[in-house]
Amino acid sequence: MHPEGPDTSALPVIAVVGPTGSGKSDLGVELALALDGEVINADALQFYRGMDIGTAKITMDERKGVRHHLLDTLDVTGEASVAGFQVECRRTIQDIHARGKRAIMVGGSGLYVRAALDVLEFPGTDPVIRQRLEAECAATGLSPLRARLEVVDPVSAARLGDARRVIRALEVHELTGRPFSSFMPQREYFQPAIQVGLSVDRDVLRDRLADRVHRMVEAGLLDEVGRLDAAGLRQGKTASRALGYAQFLKVLDGQAAIPEAAEETIVATRQFARRQLTWFRADPRIHWLDWQDPALVAKAAALTKAA
């Protein structure tokens, strides 16, 4: 039995996924208008208040009156939590469906999408155990910890490379008695769902992402980063590393010029888009549609109605 219980309305959750810059936000709005739905944000960086320009957060005008959920829920000093998102997103889905609307999740943060849609447990944490393991790693190096992990969880030992993840896997085993690998998600929906993926022309997307970064700069990205810096951006583990924000903090520090920071952001964004495509392409349940198809909205709506 799932702890929160699947939604009893049996309406499939709709998820619009794909790489950054592929038009997910616009499709989410159009589907909501066509299906009498509401949108749930599943982009981890759009949880942060004030991170608007650099995340291409959908504006009030672009929302066309469609209600959006889980936007602007965190200060930049906060840390996004996949486990917390799972709870809030499923609660929001239930609320939307209880009101007879369609829940349409939109985002490119793959693990967050999986957490909301799939059967996925999150083991707890124990700061005492973690601090002890971190101290041991600092004193003796990673090799003894990795050797211990190979004994208790060979699957994770083969997958995980960096110290933070090895320590996390050992922490989970010590805390739960189960191997960390046993918590990995299976492709099993928590409740009825349909995923619509936006299939992109990679060359066109490369140019589009470059143009988008330049538009962000023109729209005042540096000023936005400056405002958020004053609000504690550097103290936020997640927000401070966000695409564009990390690069433009260097401009504020005199370590880079705006054109250099823009180019670094373009390169990093293209790399991120490739990783997103790799992640989503691995899921055979996604229905892929051409992002530039004039009939995109009608085809996506037909998919969801057939589910």
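Using a 10 angstrom cutoff on alpha carbons, build the Gaussian network for the chain and name the most mobile of 192, 127, 154.
Sorting by GNM fluctuation, first place goes to 127.
Looking at the chain, send over the antiparallel percent of its DSSP beta bridges, to the nearest 5.
Close to 5 percent.
Restricting to Cα pairs below 8 Å that are 6+ residues apart, what does the relative contact order work out to for the chain? Please round to a whole percent.
In percent, rounded to a whole number, it is 27.
Given the rule -39500 (n - 2.57) for each run of at least 4 DSSP H residues, summed and divided by the residues of the chain, what is its mean residue ellipticity at 222 nm, to the nearest 500 deg cm²/dmol?
It lands at -16000 deg cm²/dmol.
At q = 0.12, 0.13, 0.15, 0.16 Å⁻¹, what is the base-10 log of I(q)/I(0) for the range 205-307 according to the Debye formula with one equal point scatterer per Cα and no solvent? Please give it to two decimals.
Debye intensities relative to I(0), on a log10 scale: -0.57, -0.64, -0.76, -0.81.
Which pairs in the list 101/237; 64/101; 24/101; 237/299 are over 28 Å apart, alpha-carbon to alpha-carbon?
Cα-Cα > 28 Å for 101/237; 237/299; rest within.
If contacts are Cα pairs under 8 angstrom and at least 6 residues apart, what is the relative contact order of the range 127-183 in percent?
35
When the chain is modelled as a GNM with alpha-carbon springs shorter than 10 Å, which of 182, 109, 240 fluctuates the most?
182
Taking the Cα centre of the range 127-183 as the origin, how large is its charge dipole in debye, to the nearest 20, when only Lys and Arg (+1) and Asp and Glu (-1) carry charge on their Cβ atoms?
100
List the longest stretch of the chain that has no exposed loop site; here a site is one of the GluC sites (Glu not before Pro) assigned by DSSP to anything other than H, G, I, E or B, with at most 16 other Cβ within 10 Å.
Longest stretch, sites excluded: 189-307.
Have a look at 68, 287, 173 and tell me which one the Gaussian network model of the chain (Cα, springs below 10 Å) gives the largest fluctuation.
The residue that fluctuates most here is 173.
Relative contact order for the range 22-115: what is it in percent, counting Cα pairs under 8 Å that are at least 6 residues apart?
Worked out over the range 22-115, it gives 43 percent.
A short reminder: the numbers here are calculations on the coordinates, not readings from a lab. Just so it is clear, the structure is predicted and the values come from calculations on it, not from any experiment. When we count neighbours, we look across all protein chains shown, and the Cβ atoms used for this are built from the backbone with ideal geometry, even at glycine.
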